[in-house]
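As structure tokens, the structure follows; a few thoughts come after it.
The values are calculated or read from the model by the stated rules, or taken from the named source; none is laboratory data. All of these numbers come straight from a predicted model, not from anything done at the bench. Please note: Cβ atoms are built from the backbone with ideal geometry, for glycine as well, and neighbour counts cover all protein chains shown. Only protein heavy atoms, including side chains, enter the accessible area calculation; ligands, DNA and RNA are left aside. Shrake-Rupley method; radii C 1.70, N 1.55, O 1.52, S 1.80 Å.
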Amino acid sequence: MIHYYSTRDPHKTPVRFEDALLKGLAPDGGLYVPDTVPTVDPANWLNARSLPELAAGVLRRWLEPEIPLSTLEAILHDALDFPCPLVRLSDDLFVLELFHGPTLSFKDFAARTMARLMQHFLRERGERRIILVATSGDTGSAVADGFAGQDNIEVVLLYPLGKVSDVQERQLIVRRPGVRALAVKGSFDDCQRMVKEAFVDGELAHLPLSSANSINIGRLLPQALYYLWAVRQLAQHGLEPKRVNFCVPSGNLGNLTGGVLAALMGQPVHRFLAAHNANHFFPDFLAGKVEAYEFHPTIATVSNAMDVGSPSNFERLLHLLGPERMRAWFWGTTVSDEATLERMRQTHQAYGYLACPHTSVGLEAQARYRAETGDRTPLITLACAHPAKFPEAVSSALGIAAPKEGVLEALWKRETQVITIEPSLQALRQVLLG
Ligand SMILES: *Cc1c(COP(=O)(O)O)cnc(C)c1O
């Protein structure tokens, strides 16, 4: 059985998956990492007929016997019930579309799977949880949607009033069972501060508060799966699945960490490309320009889900791989907003393909990587969100309206529910205790 321990625990005290999942952050402030990464027979992904089948074949190596196989299969069929196609742009260039889930970003994979895994353990324990999330983008809607209707779990999400786009706000406030949306009269930092304060507040200590942020190990395992599903589809395109490069548009580095787990399980990955926007800590670190943890303040960009100055999964990657291996295996670059929109335009012109701003950062990064290295290993860029979520960026890059997307259109017909509150712990207390 695989155990987890905190990156900050010199004794590597073993913790079961169930506890790592329900805790999120380790009590010493570290991140949970597995004590071993199981190697998985590639037949598990190369022969899988569907993503849920692949997922069960791979995750049973991580989760049995804590979760019986039949339960795991049911969870994965229910969670991963949407397509994840690999689209070919040219001979050796692909995009993996991760935006066909209900909230149209790759966050759906992890949020939906994690919600069901948590629900399974909570039901067994006869416990419940209140998930608190501060959000400015895709995580909030994916968590709200993914966790809605799980009867042992309630979600309270905080977002900064007037600081998210209309589409984003709609995605957050549509009425969902077991979800309360709070519009905070303040900034994203206020929302995060209120959540942090709530976790250590004496008056709220009796509530079973929990989090679902990107450091939870329960989010990383599902994010390893689609890398393997991509390789499976590469084989269907007649390409040797023996060696592949992945380009990952990155912020908190959770998506990239999922890819690393897939590689450590046995899928050969030649290079990982870490594609960052103006928030350039990680490319700088890879280039040896800055030391570990020399983080910068966050810069706002058009690829706002990647606006992260201090990537939370950095500590985990460093622990798993060490700096030398990271610098040898990863290649990174920082892409300005101008270059992002220009790449969006070029991609549309060259391939008739419309990429969201985050995906465009990735496409620009892969073009630079190939120009610099001449490496023509088949390359897969992760397409992280649907372009229809970013109408302003699409129209400024291409001068056209973003495509209509049924899921988003339907949001405007749904009932909403939102409570506006002051940016104070007292206001959050009132909601939670009321
Ligand atoms: C969250 C997100 C990212 C960044 O992923 P990390 O795991 O934080 O590196 C990139 N693109 C989109 C669309 C996202 O929602």
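The table below lists the values:
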{"read-out": "Failed item in (1) open to solvent by 10 Å² or more (accessible area, probe 1.4 Å); (2) acidic (Asp, Glu); (3) in a helix (DSSP H, G or I), with ASP108 passing the rest", "value": "(1)"}
{"read-out": "The stretch 419-434: number of residues that are over 13 Å from LYS185 (Cβ atoms) and β-branched (Val, Ile, Thr)", "value": "1"}
{"read-out": "Unmet criterion (only one of (1) open to solvent by less than 60 Å² (accessible area, probe 1.4 Å); (2) at pLDDT below 95) for GLU392", "value": "(1)"}
{"read-out": "Which numbered condition LEU379 misses (of (1) on the phi < 0 side of the Ramachandran plot; (2) without any contact (Cβ under 8 Å) to a residue 24 or more places away in the chain)", "value": "(2)"}
{"read-out": "Residue identified as closer than 30 Å to SER395 by Cβ, aliphatic (A, V, I, L, M), away from the ligand (no atom under 15 Å from the Cβ) and outside any loop (DSSP other than H, G, I, E, B) among ALA339, ALA328", "value": "ALA339"}
{"read-out": "1 or more residues within 20 Å of ASP166 (Cβ to Cβ) and either basic (Lys, Arg) or within 27 Å of the chain's Cα centre (by Cα) (or both): qualifying helices (runs of 4 or more DSSP H) within the stretch 352-434", "value": "357-373, 391-398, 406-411"}
{"read-out": "Flag for ARG219 being in contact with a helix residue (DSSP H, G or I) (Cβ under 8 Å, 6 or more places away or on another chain) and charged (D, E, K, R)", "value": "yes"}
{"read-out": "Test result for ILE75, β-branched (Val, Ile, Thr), surrounded by fewer than 21 Cβ atoms within 10 Å (Cβ to Cβ) and touching a residue at least 40 places away in the same chain (Cβ under 8 Å)", "value": "no"}
{"read-out": "ALA371 vs. criteria out of contact with any strand residue (DSSP E or B) (no Cβ under 6 Å at 6 or more places or on another chain), of a type in the set (Gly, Ala, Ser) and either more than 16 Å from the ligand (Cβ to nearest atom) or open to solvent by 50 Å² or more (accessible area, probe 1.4 Å) (or both)", "value": "yes"}
{"read-out": "Criterion (under 19 Å from THR135 (Cβ atoms) and surrounded by fewer than 20 Cβ atoms within 10 Å (Cβ to Cβ)) met by exactly one of SER165, SER214", "value": "SER165"}
{"read-out": "Residues of the stretch 172-228 satisfying the condition of being part of a strand (DSSP E or B) and charged (D, E, K, R)", "value": "ARG180"}
{"read-out": "Test: residue in the stretch 134-145 that is open to solvent by 30 Å² or more (accessible area, probe 1.4 Å), outside any helix (DSSP H, G or I), within 16 Å of the ligand (Cβ to nearest atom) and at negative phi", "value": "yes"}
{"read-out": "Among (1) of a type in the set (D, E, K, R); (2) under 14 Å from LEU93 (Cα atoms); (3) open to solvent by 40 Å² or more (accessible area, probe 1.4 Å); (4) within 16 Å of the ligand (Cβ to nearest atom), the one test that GLU364 misses", "value": "(3)"}
{"read-out": "Filtered residue count, the stretch 289-303, keeping only those that are of a type in the set (Gly, Ala, Ser), touching a helix residue (DSSP H, G or I) at 6+ places or on another chain (Cβ under 7 Å) and either farther than 20 Å from LYS107 by Cβ or surrounded by fewer than 16 Cβ atoms within 10 Å (Cβ to Cβ) (or both)", "value": "1"}
{"read-out": "Residue satisfying all of: in the stretch 8-37; under 20 Å from MET265 (Cα atoms) and part of a loop (DSSP other than H, G, I, E, B); least open to solvent (accessible area, probe 1.4 Å) among these", "value": "VAL37"}
{"read-out": "The lone exception for ALA305 - which of (1) modelled with pLDDT under 95; (2) among the aliphatic types (A, V, I, L, M); (3) in a loop (DSSP other than H, G, I, E, B) it fails", "value": "(3)"}
{"read-out": "Pair list, Cβ < 7 Å and 6+ apart or interchain, from the stretch 206-218 residues that are touching a residue at least 40 places away in the same chain (Cβ under 8 Å) and within 16 Å of the ligand (Cβ to nearest atom) to residues that are open to solvent by less than 30 Å² (accessible area, probe 1.4 Å) and assigned to a loop (DSSP other than H, G, I, E, B)", "value": "SER211/GLY24; ASN213/GLY24; SER214/ASN313; ILE215/GLY24; ILE215/ASN313; ASN216/GLY24"}
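Residue-wise test of (1) within 14 Å of the ligand (Cβ to nearest atom); (2) open to solvent by 20 Å² or more (accessible area, probe 1.4 Å); (3) part of a strand (DSSP E or B).
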residue	(1), (2), (3)
ARG232	no, yes, no
CYS247	yes, no, yes
GLY259	yes, no, no
LEU264	no, yes, no
HIS270	no, yes, yes
ALA274	yes, no, yes
PRO283	yes, no, no
PRO311	yes, no, no
